[in-house]
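No value in this document is a laboratory result; all are computed from the given coordinates. A quick note: this is a predicted structure, and the numbers were derived from the prediction, not measured. Positions of Cβ are backbone-derived with ideal geometry, glycine not excepted, and every protein chain shown enters the neighbour counts.
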């Protein structure tokens, strides 16, 4: 049995995204806002995701745009506070991610006792927000120092809006990453949140990485989940579960339930 089946109860999990509203210090944090309002919105989204039947939940600072290469202390403190306020309500396996910053993500996971995480942990990237150069050796030594031995790490091998700074193919990158970095799972995303990832690319990567799960990072929808599951070992799902399919809208339990019905049918359940 893989860690996916052990943790999520299925070899092809649907991991619902719990996107936190803008946090203190974020440019989109609204005038007169409060962390209490962020908590209230997160609680509503958590209830919708869990009642709709997702297999896991990933909590991220998705609306902390533009994202920081080195996530600020106030963002991590706010995320820790919000997640702590949700702790008693979790009935589903869950993880956390401080977007773009692998080291901050590890620190956050240690503080909130997350079970899994996802990030751009490795490599050098270029995009609209500049150059991102990850020091994965440092990240793993920090993980070891914090004794996060059971934390499962999902590594992006493509990124939303960034390109990897080398001339190797994505399957070649995945191959060397598995050898050098021992990821628990790999994630392939599209060009932005809600935009589909390539099934053909997933097939090429899976040939190279053996038993390491390859998960769809973006763009999986109710009407495409069967096709996604024919290429991928699960999916992170966010935007399509929200009212009117908008990134900054609340999650709707009815949308989650319909998606999960389609996902279970695709899994033959």
With 0.36 nm assigned to each residue of separation and the Cα-Cα distance removed, residue 43 to residue 113 gains 23.4 nm
Computed on Cα atoms, Rg of the stretch 107-265 relative to 2.2 N^0.38 Å comes out at 1.08
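Counting other beta carbons within 10 Å of each Cβ, put 164, 30 in order, fewest first. The partial results should precede the final answer.
Working: 164 19, 30 10.
Least crowded to most crowded, the residues run 30, 164.
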Once normalised by the length of the chain, the mean sequence separation of its alpha carbon contacts under 8 Å that are 6 or more apart gives a contact order in percent of 18
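Rounded to the nearest 5, what % of DSSP beta bridges with both residues in the stretch 16-266 are antiparallel? Walk me through the numbers before you get to the answer.
Numbers: 8 of 29 bridges.
Rounded to the nearest five, the antiparallel share is 30 percent.
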Ranked by GNM mean-square fluctuation in the chain (Cα springs under 10 Å), the top entry among 105, 224, 117 is 224
Simple spin-label estimate for residue 165/residue 230, 7 Å along Cα→Cβ, in nm, reads 3.9
Within the set 174, 73, 226, GNM on the chain using Cα springs under 10 Å gives the largest fluctuation to 73
With a Förster distance of 30 angstrom and the Cβ-Cβ distance between residue 145 and residue 203, calculated FRET efficiency to the nearest 0.05 equals 0.20
Mean-square fluctuation maximum in Gaussian network of the chain, Cα pairs under 10 Å, restricted to 77, 124, 87, hits 87
Between the modelled labels at residue 133 and residue 244 (7 Å from Cα along Cα→Cβ) the distance in nm is 4.3
What one gets for the chain as the Kirkwood radius, inverse of mean 1/r over different Cα pairs in Å, is 18.5
